[in-house]
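Here is the structure we will look at, set down as structure tokens.
Quick note: the coordinates plus some simple rules give every number you see, no bench work behind them. Computed from a predicted structure; not experimentally measured. As a convention, Cβ positions derive from the backbone with ideal geometry for all residues, glycine included, and neighbour counts pool all protein chains shown.
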Amino acid sequence: MLNKVILIGRLTQDPELRYTPSGVQVATFTLALNRRYNNRQGEKVEETTFIDIVVWQKLAELCANYLGKGRLVAVEGRLQSRSYEDKQGVRRKVVEVVATDVRFLDSSKDERSPVTGGNKIAEGERFASEISFNEEDIPF
């Protein structure tokens with residue numbers, strides 16, 4: 001069976017970095033994916049889908065340090081569904097993407113060089129897109 005997802009979108013907010021009780025880094029963020037099409041009346045329509053992303057280990061830390069709201073990224077990973085009980089005791093189901101690779105497709109506005117007006121890449125960002133993780137390495 002195949003469970004592989006590749007998405008390109010913009011972050012709706014800054015990533016949230018947390019740590020498991022055993023100290024493993026985990027970051028979460030939401031991607032906004034836009035779809036443009038013409039409806040039956042020929043009018044242009046834009047539809048947005050919001051997808052929750054979960055990133056683990058060093059890649060989680062890099063995403064939290066170098067990504068922010070509005071940044072354009074490509075995410076590769078797998079779909080995961082899980083259930084939990086909310087504070088009111090209601091059973092909820094969540095579908096999310098567990099990312100194994102995150103590619104930074106643009107630079108943040110803060111990284112623009114004032115001298116040239118071009119983009120400069122932060123040291124950590126240069127290799128962030130080259131780091132992926134193996135799910136077997138997560139200690140639970």
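In table form, for the structure just shown:
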{"item": "Residue-count net charge about residue 85 - beta-carbon cut-off 9 Å; Lys, Arg +1, Asp, Glu -1", "result": "+2"}
{"item": "Residue 71 long-range amide H proximity, modeled H, under 5 Å", "result": "11"}
{"item": "Length released on extending from residue 18 to residue 86, taking residue separation times 0.36 nm less the Cα-Cα span", "result": "22.6 nm"}
{"item": "Label point distance in nm, residue 36-residue 93, each placed 7 Å from Cα along Cα→Cβ", "result": "3.5 nm"}
{"item": "Computed lengthening from residue 7 to residue 52, 0.36 nm per intervening residue step minus Cα-Cα distance", "result": "15.1 nm"}
{"item": "Packing rank of 56-66, 73-83, 93-103, 13-23, where each peptide gets the mean count of other beta carbons within 10 Å, highest leading", "result": "56-66, 93-103, 73-83, 13-23"}
{"item": "Cut-off 9 Å between beta-carbons: net charge of the residues surrounding residue 11, Lys and Arg +1, Asp and Glu -1", "result": "+2"}
